[in-house]
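**Q** Dumping the structure here so I can ask a few things about it.
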Amino acid sequence: MNGILIFDKPAGITSHDVVAHVRRALKQKKVGHTGTLDPFATGVLPVALGESTKIIPYLDESIKEYRAVMQLGISTDTQDYTGKVLQQKDTGQITKGLIKEAIRSFVGTMSQIPPMFSAVKQGGVPLYKKARLGEEVERAPRQIIIHGFSLDDVQLPLVTFTVRCSRGTYVRTLANDLGAMLGCGAHLVELRRISSGIFSIESAILLESLQEKFADGTLSGHLISPLRALSHLPRLTLTEDGAKKVGFGRAPVADDIETYPTDGILDGQTVCLVRDDKLLAIGSVNDVTTTNQEKTISLLRVFT
């Protein structure tokens, strides 16, 4: 089976657990996920099957959307409910207006320090391993973008919000930092990813329905093709001879390309090489000249 399935990951398991379950259920060796979710989090988890595992590095998941619930007044070492309580403060002075004002200040480009309980590596060691040993090390801030941050509901001490953010944003750190700004602390109690790039919760299937859908032949209807998953990349249509050449792992030349994108291609751009609406390879445009017909393509991934 080849393509991408979108799962609605349940709470209590890791993203790797989902991959292991899919591998067993479909009896397929090549399975990989993108966009790791914390064990307590739920929602959109894209899982690539077969040859589609090759496209994972080229997917556009630059914008993600989450719905979350945070609890004000309590800070934890993991910045979510699974951690050890570090501090408790009164929330009696907190109002909906104060929360709205604080949220507005987070929209835009900002720096965020990754939490200690994260997979970010320092010296080749994931931070969470250091954190479990009781270590706290200095972390370099990362630039993130908060595209949208809306307040959905306030039932103190619980606050529900929706955030659209760049890849690499830690929503639990947002909650922690928001709590610090309000002067009472906070941690996440729920986190649900509702979209990641073109992948949305509306297309997701439940993990427990996988085997049944596979058995009754309806699973293929949920597969997203590699070409659709890479719809953000320009397409170059190959000639029949060009397609055969690429199939043997040989880079195409100008005569092998039948059509170019109408708005041209840029030097260094990643492109899809297709024939009969099938993805044959992913390539990179080499910096040779300014005209399409004289550019050359290096092959990055070839699909069988």
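The values are calculated or read from the model by the stated rules, or taken from the named source; none is laboratory data. Note that the structure is predicted; figures quoted are calculated from it, not measured. Every residue, glycine among them, receives a Cβ derived from its backbone with ideal geometry; neighbour counts consider all protein chains shown.
**Q** Of a type in the set (F, W, Y) and closer than 16 Å to F161 by Cβ, is that true of Y58?
**A** Criteria not met by Y58.
**Q** Still on this structure: Take residues that are in contact (Cβ under 8 Å) with a residue 40 or more places away in the chain and buried (at least 19 other Cβ atoms within 10 Å of the Cβ) and tell me which of the strands (runs of 3 or more DSSP E) falling wholly in the range 3-113 contain 2 or more.
**A** Of the strands (runs of 3 or more DSSP E) lying wholly inside the range 3-113, those with at least 2 residues that are in contact (Cβ under 8 Å) with a residue 40 or more places away in the chain and buried (at least 19 other Cβ atoms within 10 Å of the Cβ) span 3-9, 42-49, 63-72, 74-76.
**Q** Hey, another quick one. Step by step: first the residues of the range 170-189, then only those that are touching a Lys or Arg at 6+ places or on another chain (Cβ under 8 Å) and either crowded, with 19+ Cβ neighbours inside 10 Å or outside the structural domain of P114 (by TED's automatic domain parsing) (or both), then the one that is nearest to L98 (Cα to Cα). Which residue is that?
**A** Of everything passing the filter in the range 170-189, C184 is nearest to L98 (Cα to Cα).
**Q** Return the total of residues in the range 117-140 being in a helix (DSSP H, G or I) and either among the β-branched types (V, I, T) or within 25 Å of the chain's Cα centre (by Cα) (or both).
**A** Result for the range 117-140: 5.
**Q** Would you say G148 is over 15 Å from M70 (Cα atoms), outside any helix (DSSP H, G or I), at pLDDT 95 or above and assigned by TED's automatic domain parsing to the domain that holds A68?
**A** So G148 fits the description; yes.
**Q** Here's a check for you: in the range 230-259, which residue that is within 27 Å of P46 (Cβ to Cβ) and of a type in the set (S, T, Y) is surrounded by the most Cβ atoms within 10 Å (Cβ to Cβ)?
**A** So the residue we want is T237.
**Q** Test S220 against the stated conditions and say whether it is of a type in the set (G, A, S) and over 18 Å from the mean Cα position of the chain (by Cα).
**A** yes
**Q** What is the one condition in (1) of a type in the set (S, T, Y); (2) modelled with pLDDT under 95; (3) more than 22 Å from the chain's Cα centre (by Cα) that T95 does not satisfy?
**A** T95 satisfies every listed condition except (2).
**Q** Turning to a different aspect of this structure: Can you find, within the range 208-229, the residue that is surrounded by the most Cβ atoms within 10 Å (Cβ to Cβ) among those that are in a helix (DSSP H, G or I) and charged (D, E, K, R)?
**A** Looking at the filtered set, the residue picked out is K213.
**Q** List pairs: first residue in the range 276-297 and over 15 Å from A243 (Cα atoms), second residue part of a loop (DSSP other than H, G, I, E, B) and modelled with pLDDT of 95 or more anywhere in the structure, Cβ distance under 9 angstrom, at least six positions apart or on different chains.
**A** Within 9 Å, no pair qualifies.
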